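**Q** The structure that follows is given in the form of structure tokens.
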Amino acid sequence: MQRLIYGRRTGHRLRPGRRRLIDELLPKLQVRIPAGGKLDPTSLFAHRPQRFWLEIGFGGGEHLAAQAEAHPEIGLLGCEPFVSGVARLLSLIAARGLTNVRLFTDDARLLMQALPDGCLERIFVLFPDPWPKTRHHKRRIVNAASAAEFVRLLQPDGEVRLATDDMSYARAMLLVLRRRPELRWQATRAPDWRERPPDWPMTRYEAKALADRRPCVYLRFLRTPQPPKKP
């Protein structure tokens, strides 16, 4: 399939320590799609976790590293194509001795397509690029196609968490996910989408938005249980 990664994948020159992590640590943690196109996430970890979370576009890795540290029993998969973000997360992994994180450094859709149905307990898409110009909306990672993949990948009662400081994107996220009858929006009152839950670590993008006095939206959807099959 055609990859849809826009912009440069490399930025400023990495410091020697982070360059070393890219060269030495990343190959040990990097996820590669098998030739057959299907991936068993259990095979990626020595401790064989039975529960998996996926973060799409982890940025600097603050949220992913915090979740990995708080939940060592979970296998965390992180997708990020930009080298500076990957290097930053690798530094957090090394500093905290995390063993339950694996990284995919290409288009997240390639990884999602390779994963089996119902294998994920949580999916995170936090502060993705909003592509605010109308002609660029097709580049947004949260769309009808990705919503269908979320439904396929989530186990019953699995959760997808989305966040943005762009109100146009927030409305678009709500529109595409609420069109899926398999997903239930968890908001019953305004604070449910205006306030970040306590088990949801802050990212640097959120901190910057709040410092700039831009309100943030936090969306949580649960995957409905599979209906019983008719006899």
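Rule-based calculations on the coordinates, nothing more; no lab input. Note that the coordinates shown come from a computational prediction; the quantities given were computed from them, not determined experimentally. Here the Cβ positions follow ideal geometry from the backbone for every residue, glycine too, while neighbour counts run over all protein chains shown.
**Q** Classify segment 28-74 as rounded, prolate or oblate, taking a ≥ b ≥ c as the square roots of the eigenvalues of its Cα gyration tensor: rounded when a/c is under 1.5, otherwise prolate if a/b is larger than b/c and oblate if not.
**A** On the way: a/c = 2.33, a/b = 1.40, b/c = 1.66.
Oblate, because a/c is 1.5 or more while a/b does not exceed b/c.
**Q** Using the crude model of +1 on Lys and Arg Cβ and -1 on Asp and Glu Cβ, and no other charge, please compute the dipole size for segment 48-223 relative to its Cα centre, in debye to 20.
**A** Details: 28 positive and 21 negative charges, 127 e Å.
Its charge dipole is roughly 600 debye.
**Q** Measure off 7 Å from each Cα along the Cα-to-Cβ vector at Arg204 and Gln50, then give the distance between these two points in nanometres to one decimal.
**A** Between Arg204 and Gln50, the simple spin-label model gives 3.8 nm.
**Q** For segment 110-195, state the semi-axes of the equivalent ellipsoid (square roots of 5 times the eigenvalues of the alpha-carbon gyration tensor), sorted largest first and rounded to whole angstrom.
**A** Working: eigenvalues 87, 62, 23 Å².
With the √(5λ) rule applied to segment 110-195, the semi-axes are 21, 18, 11 Å.
**Q** Along the positive direction of the dipole of segment 93-231 (beta-carbon charges: Lys, Arg +1; Asp, Glu -1; about the Cα centre), which of Gln155, Cys216, Asn100 reaches farthest?
**A** So the residue furthest toward the plus end is Cys216.
**Q** So, one more: Send over the per residue convex hull volume for segment 87-231, Cα only, as a whole number of Å³. Intermediate values should be presented prior to the final figure.
**A** Numbers: hull volume 22.3 nm³, N = 145.
Hull volume normalised by residue count: 154 Å³.
**Q** Using only the alpha-carbon atoms, what does segment 61-151 span along each of its principal axes? Please give whole angstrom values in decreasing order.
**A** 43, 30, 19
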